[in-house]
Amino acid sequence: MTFLKKTIGVAAGSIVAAAGLALVSAPASAEAQKKANCVVHLSQGGAIDCYATFTEAMRDATNGRVTDAPKNARDAIKDATLTRRVNAAAAKKGAARAAAGGTAIGVELEHNIGTLGGRSWTVEADYGCDGNLAGHDWEVRDLGDSWWNDEISGATAYGHCWVRHFEHHEFGGRSSGWARFNVNLTDVGMNDMTSSIQWS
């Protein structure tokens, strides 16, 4: 069960949308555990779809605009060509689009890049980020009892975003600091400690 809380605020004369998501765990079936590449759709109230391959997950997260991503998320986040293609497919903030969603803003990894196995979580939103690090465009306020709470070891950002991980819900405790590509959260003292995330 998930819910999405969308807030609109006015900052310096412009409207900035920040989506806050709280995830609540549900019992994982054996079939769901085989599908280790999930997409959380901020554009659809936090709906989550899981797939057997990262290729399928990226196809979903980009509404079919990127169809040939590597099968493994670890290979994908090291692929500079894929990063350019995913960023090119991202909707710009404020741009009209016929279909909602379809912008991948990041990938979170259960284990760092040097470890085999583990799950991936691709985050999809209505549009990418503006890169203004004074605020943020998207957020997950509380990973709650979800299987991602205190399990993230690596991440990368797409959609012209930067990503920041926090130790506690509602952006409390230690922070990783803003990064576009942080393959190993151990390097910033945040391995398996993330409980909330922001993208800017």
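The values are calculated or read from the model by the stated rules, or taken from the named source; none is laboratory data. Only a predicted model underlies this, so the values are computations on that prediction, with no experimental measurement involved. Because the Cβ atoms are built from the backbone with ideal geometry, glycine has one as well, and the counts that use them run over all protein chains shown.
Summary table below
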item	result
All positions within segment 35-63 that are within 15 Å of the chain's Cα centre (by Cα), surrounded by fewer than 18 Cβ atoms within 10 Å (Cβ to Cβ), modelled with pLDDT under 95 and not in a helix (DSSP H, G or I)	Gly45, Ala47, Ile48
Residue match in segment 138-160 (condition: touching a Cys at 6+ places or on another chain (Cβ under 9 Å), free of Cβ contacts under 8 Å to residues at least 60 places away in the same chain and either in a strand (DSSP E or B) or crowded, with 20+ Cβ neighbours inside 10 Å (or both))	yes
Given (1) without any contact (Cβ under 8 Å) to a residue 60 or more places away in the chain; (2) farther than 19 Å from Ala69 by Cβ, number of the condition Leu133 does not satisfy	(1)
Residues within segment 35-64 that are touching a strand residue (DSSP E or B) at 6+ places or on another chain (Cβ under 9 Å) and without any contact (Cβ under 8 Å) to a residue 40 or more places away in the chain, tallied	10
Search result, residues across segment 79-90 that are free of Cβ contacts under 8 Å to residues at least 60 places away in the same chain and either surrounded by 14 or more Cβ atoms within 10 Å (Cβ to Cβ) or in a loop (DSSP other than H, G, I, E, B) (or both)	Asp79, Leu82, Arg85, Ala89
Segment 64-85: number of residues that are within 17 Å of the chain's Cα centre (by Cα) and of a type in the set (Gly, Ala, Ser)	3
